[in-house]
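Accompanying notes for the structure given below.
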Amino acid sequence: MALSVGDSAPVFTLPEAPGKTVEVDATKAGGPVVVLFFPLAFSGVCTEEFCTIRNDWSAWSGMNASVYGVSIDSPFANAKFREIENLPFPLLSDFNKTVAAEWGALHDDLMGLKGVTKRAAFVIGADGKVAYAWVSDDPGVQIDFAAVKQAVEQASAATAS
């Protein structure tokens, strides 16, 4: 079952690149954390999603948001995807599928592929609680960028007060 608004977001550490791990802990981030689970690097909808964020990066960074992409792709594939698309945020490898399963963002079977990450968006406030949660069973559905941004802005305002 997916995490819901108000749940405590599990802290996790995943590889960003071979030999480099990243800990994702909203209580240490200094602002909201956006965790975007995506099915597969280099696929059309995933590329569109991350390039949309890249092209509007000043808005995301202006809200003091830390953004992380997470997929079951290897750290090698994610590092190359990030490089090719010039993404300004880390892409983390959940190759062992533990974090996606814990967050409720893992397909049992996607077109015959077992254990592919669902497309999902979570916003975590500085208190470590889920402020926004959206998980799709359809990998072709794009995230609602405006809704995610609104949740980030609200989480930023809560952190500032």
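The values are calculated or read from the model by the stated rules, or taken from the named source; none is laboratory data. Note that this is a predicted model, so its numbers are computed, not measured. Backbone-built Cβ (ideal geometry, glycine too); neighbour counts: all protein chains shown.
With respect to the conditions (1) touching a Leu at 6+ places or on another chain (Cβ under 6 Å); (2) over 25 Å from Gly31 (Cα atoms); (3) among the aliphatic types (A, V, I, L, M), Ala121 falls short on a single one, namely (2).
Within the range 23-54, being touching a strand residue (DSSP E or B) at 6+ places or on another chain (Cβ under 7 Å), more than 21 Å from Asp94 (Cβ to Cβ) and hydrophobic (A, V, I, L, M, F, W, C) holds for no residue. Candidates in the range 60-76 are the residues that are under 15 Å from Phe37 (Cα atoms) and either of a type in the set (S, T, N, Q) or out of contact with any strand residue (DSSP E or B) (no Cβ under 7 Å at 6 or more places or on another chain) (or both); of these, the one that is surrounded by the fewest Cβ atoms within 10 Å (Cβ to Cβ) is Ser74. The set of residues in the range 83-118 that are closer than 25 Å to Arg54 by Cβ, over 14 Å from the mean Cα position of the chain (by Cα) and of a type in the set (Ser, Thr, Tyr) is empty. From the set of residues in the range 104-147 that are farther than 15 Å from Leu3 by Cβ and among the β-branched types (Val, Ile, Thr), which is surrounded by the fewest Cβ atoms within 10 Å (Cβ to Cβ)? Only one residue fits best here, namely Val141.
Hey, does the range 12-26 have a residue that's of a type in the set (Asp, Glu) and within 12 Å of the chain's Cα centre (by Cα)?
In the first step, residues of the range 12-26 are kept if they are of a type in the set (Asp, Glu); the result is 16, 23, 25.
Checking the rest, the ones that are also within 12 Å of the chain's Cα centre (by Cα) come to none.
No, because not a single residue in the range 12-26 is of a type in the set (Asp, Glu) and within 12 Å of the chain's Cα centre (by Cα).
Of all residues in the range 27-51, those satisfying the criterion of being polar (S, T, N, Q) and more than 14 Å from the chain's Cα centre (by Cα) are Thr27, Ser43.
Scan the range 104-117 residue by residue and report those that are part of a loop (DSSP other than H, G, I, E, B) and either among the aliphatic types (A, V, I, L, M) or closer than 21 Å to Asp25 by Cα (or both). It would help to see each step written out before you state the result.
Residues of the range 104-117 part of a loop (DSSP other than H, G, I, E, B): 104-105, 107-108, 111-112, 115-116.
Of everything in the range 104-117, those that are part of a loop (DSSP other than H, G, I, E, B) and either among the aliphatic types (A, V, I, L, M) or closer than 21 Å to Asp25 by Cα (or both) turn out to be Gly104, Ala105, Met111, Val116.
On the stretch given as the range 133-161, residues that are under 20 Å from Glu48 (Cβ atoms) and either among the hydrophobic types (A, V, I, L, M, F, W, C) or in a strand (DSSP E or B) (or both) total 10. Counting only strands (runs of 3 or more DSSP E) that sit completely within the range 15-103, those holding 1 or more residues that are in contact (Cβ under 8 Å) with a residue 60 or more places away in the chain correspond to 20-24, 33-37, 91-93. Within the range 12-44, the residues that satisfy the criterion of being closer than 19 Å to Asn64 by Cβ and modelled with pLDDT of 90 or more are Val22, Glu23, Val24, Asp25, Pro32, Val33, Val34, Val35, Leu36.
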